[in-house]
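Here the structure is laid out as structure tokens; the discussion comes afterwards.
The values are calculated or read from the model by the stated rules, or taken from the named source; none is laboratory data. Bear in mind the structure is a predicted one, so any value in this text is a computation, not a measurement. Neighbour counts are summed over all protein chains in view; Cβ atoms, including those assigned to glycine, are modelled from backbone coordinates with ideal geometry. The area values use the complete protein model at the heavy-atom level, side chains included, leaving out ligands, DNA and RNA. Shrake-Rupley method; radii C 1.70, N 1.55, O 1.52, S 1.80 Å.
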Amino acid sequence: MTTEPLDPAATAAPTPPASGTAVLERPAGWWKTAVVYQIYPRSFADSNGDGIGDIPGITSRVDHLAQLGVDVVWLSPVYRSPQDDNGYDISDYEDIDPTFGSLADIDALIAALHARGIKLVMDLVVNHTSDEHPWFVESRDPASPKRDWYWWRPAREGAEPGTAGAEPTNWASFFSGSAWQFDEQSQEYYLHLFSRKQPDLNWENPEVRQAVYAMMNRWVARGVDGFRMDVINFISKQPGLVDVPAVPGRAHVPALERFANGPRLEEFLQEMNAAVGLDERHLLTVGEMPVSTPELARRVTDPANAELNMVFTFEHVELDRPSGASKWEVAPLELPRLKKNLAVWQEELADVGWNSLYWDNHDQPRAVSRFGDDSPEHRVSSAKTLATVQHGHRGTPYVYQGEELGMTNTRFLDIGSFADIESLNYHTEATGQGLPAEAVLQALAVRSRDNARTPVQWDDTSQAGFTEGIPWLPVNPNYVVVNAAAAVADPGSTFHHFRRLIELRHQLPVLVEGRFALLLPDHEQIWAYTRTLGEQVLLVVANCSSTPATVPPGVLPDVTGAQLLLPTHAGEPSARLQPWESRIHLIG
Ligand code: TEU
Ligand code: CA
């Protein structure tokens with residue numbers, strides 16, 4: 001299959017409706033009533049048959065987003081990149097990688113989205129760059145003024161540079177191995193919390209910060225409506241760069257406490273906010289913050305502090321592992337723990353700050369397979385019910401591509417089926433440490449990020465309508481049943497459930513602002529809570545299990561005369577809930 005170059009005519013944005021305008025109004029706080037749709041460009045839609053999704057492919061599908069009713073697209077990185085971590089390793093922040101298209105293509109996408117009243121949020125990856133970014137290439141020269149733009153350090157005192165254990169600290173990289181890479185040329189090491197092709201920027205250096213802010217301002221001038229900020233709470237490292245306590249048998253040890261939530265984080269966020277006019281220009285800002293706490297999120301999202309609108313916490317996506325264990329260890333998830341965790345964030349940010357709400361993204365396995373039940377019998381109702389219980393919380397919901405279709409985890413035959421650097425590096429390290437390959441493959445099957453990255457299933461034609469070529473990652477074989485064409489054609493599908501949920505958020509102030517209160521916190525199957533705004537009360541009740549459940553009498557508010565919204569199952573609502581049955585009652 002030859003891959004013809006991207007033909008401008010083919011990639012022209014669909015003719016925008018007459019009323020299309022380039023710049024969209026951004027009233028204060030608009031993001032509180034918005035629903036965000038995340039696109040992972042490699043896997044969304046391929047327009048030129050090379051098997052890799054691209055920007056013209058996205059533009060050709062904006063009507064799907066308009067029909068769903070989302071207000072914003074968060075676009076994972078499309079910048080020039082060697083793709084060592086699928087674009088989260090950027091070599092030029094102000095150009096588009098040819099794999100994904102061109103600056104003209106991104107302008108066409110912005111115009112097509114804005115013409116449909118949909119805003120665009122770009123991914124800001126500035127904790128690190130690619131090692132092919134000119135900034136880093138220059139910094140390799142010890143005499144370069146750019147040397148201090150990164151974290152270069154000599155070998156550990158008394159150790160032979162380049163030998164095992166000579167790394168400046170014993171920190172582990174997120175992608176296995178040491179967080180330090182030895183550089184023959186300068187006989188020193190540079191820090192990389194992720195892959196060795198993702199060297200960390202030194203935010204202590206004001207030149208670095210000014211260069212980032214200037215780049216952001218140029219994207220805003222191009223029509224961008226906000227930023228999702230990658231591991232933004234890693235930019236302020238703890239002074240001194242010292243070892244973490246050793247762990248027997250581990251040469252490299254996770255060291256989050258040495259670089260997460262550092263002492264100058266909020267100073268940098270406030271400086272960025274002022275320099276880019278983030279609040280002044282009502283740009284949507286969400287910071288990805290592993291190990292962030294409700295207390296930190298409350299401060300960071302307090303408008304009085306002029307830092308960020310929201311953060312992505314990781315607490316609720318790390319409950320199905322033994323505490324303190326790595327993501328590769330799987331533990332059953334008890335519903336009360338999940339309910340209570342999210343309730344804490346609701347309560348802590350009830351009066352100040354604002355929450356983000358998500359189950360899925362490009363780093364997490366598919367929620368319907370993880371938190372729901374992806375069997376043919378329960379896939380649709382569990383996907384709907386997971387959406388209802390999430391969108392019913394107070395905060396801004398994020399829908400990940402394919403989540404509106406009920407897409408599931410895929411099946412991996414062997415290590416050859418994986419593409420994600422985190423998964424491949426873990427496989428090498430774990431089998432290298434003697435773990436049976438079978439056990440490692442099992443952990444990867446349920447945890448790998450590749451589960452979220454299989455091509456979007458548009459229809460039941462070959463390659464699910466994603467590409468006319470060979471996809472970079474195999475299409476999930478269940479595309480024959482699970483696809484957009486089938487879902488859009490079926491009024492009872494997950495697609496229309498998400499569409500209705502988004503509509504309700506646009507219609508019901510109680511769903512946006514209503515105070516949250518968890519009910520039945522210890523119930524193993526039922527997830528119930530209220531949202532109250534003035535006289536109006538929303539009751540969300542759901543059975544989050546694959547067996548029937550009965551609501552204990554006298555606990556839930558009386559719903560006589562209440563409006564029934566979004567029932568997943570037909571019939572008069574009763575205290576007996578079918579597996580994965582949920583509904584919302586609007587009282588008052
Ligand atoms: O993810 C940061 C992050 O914490 C994740 O790597 C997480 O630890 C892991 O995926 C959980 O499995 C961000 C991006 O979302 C991710 O895609 C990038 O790989 C990473 O930063 C580096 O840019
Ligand atoms: Ca392509």
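Selection over segment 48-101 of residues that are within 16 Å of ligand 2 (Cβ to nearest atom), hydrophobic (A, V, I, L, M, F, W, C) and over 22 Å from K197 (Cβ atoms) gives a count of 2. So, in segment 179-189, of the ones that are buried (at least 23 other Cβ atoms within 10 Å of the Cβ) and not aliphatic (A, V, I, L, M), which residue ends up farthest from E160 (Cα to Cα)? Out of the qualifying residues, it is W180. Looking only at segment 82-101, residues that are in a strand (DSSP E or B), more than 14 Å from ligand 1 (Cβ to nearest atom) and either of a type outside the set (D, E, K, R) or farther than 17 Å from W135 by Cα (or both) come to 1 in all. Looking only at segment 197-241, residues that are under 26 Å from the mean Cα position of the chain (by Cα) and open to solvent by less than 20 Å² (accessible area, probe 1.4 Å) come to 29 in all. Is one or more of the residues making up segment 109-130 touching a residue at least 40 places away in the same chain (Cβ under 8 Å), part of a strand (DSSP E or B), open to solvent by 10 Å² or more (accessible area, probe 1.4 Å) and under 30 Å from K32 (Cβ atoms)? Yes - at least one qualifying residue is present in segment 109-130.
With the structure loaded, tell me whether V244 is touching a residue at least 24 places away in the same chain (Cβ under 8 Å), open to solvent by less than 40 Å² (accessible area, probe 1.4 Å) and more than 23 Å from L75 (Cα to Cα) or whether it fails that test. So V244 fits the description; yes. Can you confirm whether T396 is farther than 23 Å from L539 by Cβ and more than 16 Å from ligand 1 (Cβ to nearest atom)? The answer is no for T396. Which one of these is under 21 Å from P521 (Cβ atoms), open to solvent by 30 Å² or more (accessible area, probe 1.4 Å), of a type in the set (A, V, I, L, M) and outside any loop (DSSP other than H, G, I, E, B): V344, V389, V380? The conditions single out V344. Output yes when any residue across segment 297-311 is touching a helix residue (DSSP H, G or I) at 6+ places or on another chain (Cβ under 9 Å), in a loop (DSSP other than H, G, I, E, B), open to solvent by less than 30 Å² (accessible area, probe 1.4 Å) and small (G, A, S), and no when none is. Scanning segment 297-311, I find no residue that is touching a helix residue (DSSP H, G or I) at 6+ places or on another chain (Cβ under 9 Å), in a loop (DSSP other than H, G, I, E, B), open to solvent by less than 30 Å² (accessible area, probe 1.4 Å) and small (G, A, S), so the answer is no. Within segment 41-70, the set of residues being within 16 Å of ligand 1 (Cβ to nearest atom) and open to solvent by 20 Å² or more (accessible area, probe 1.4 Å) comprises R42 only. Within segment 47-63, residues that are more than 13 Å from L113 (Cβ to Cβ) and in contact (Cβ under 8 Å) with a residue 24 or more places away in the chain reach partners that are in a helix (DSSP H, G or I) and more than 16 Å from ligand 1 (Cβ to nearest atom) with beta carbons closer than 6 Å, at six or more positions or on different chains, in the pairs S47/P56; S47/G57; P56/T11; P56/D105.
I'd like to check something: does segment 321-330 contain any residue that is open to solvent by 20 Å² or more (accessible area, probe 1.4 Å), in contact with a Lys or Arg (Cβ under 8 Å, 6 or more places away or on another chain) and among the aromatic types (F, W, Y)? Yes - at least one qualifying residue is present in segment 321-330.
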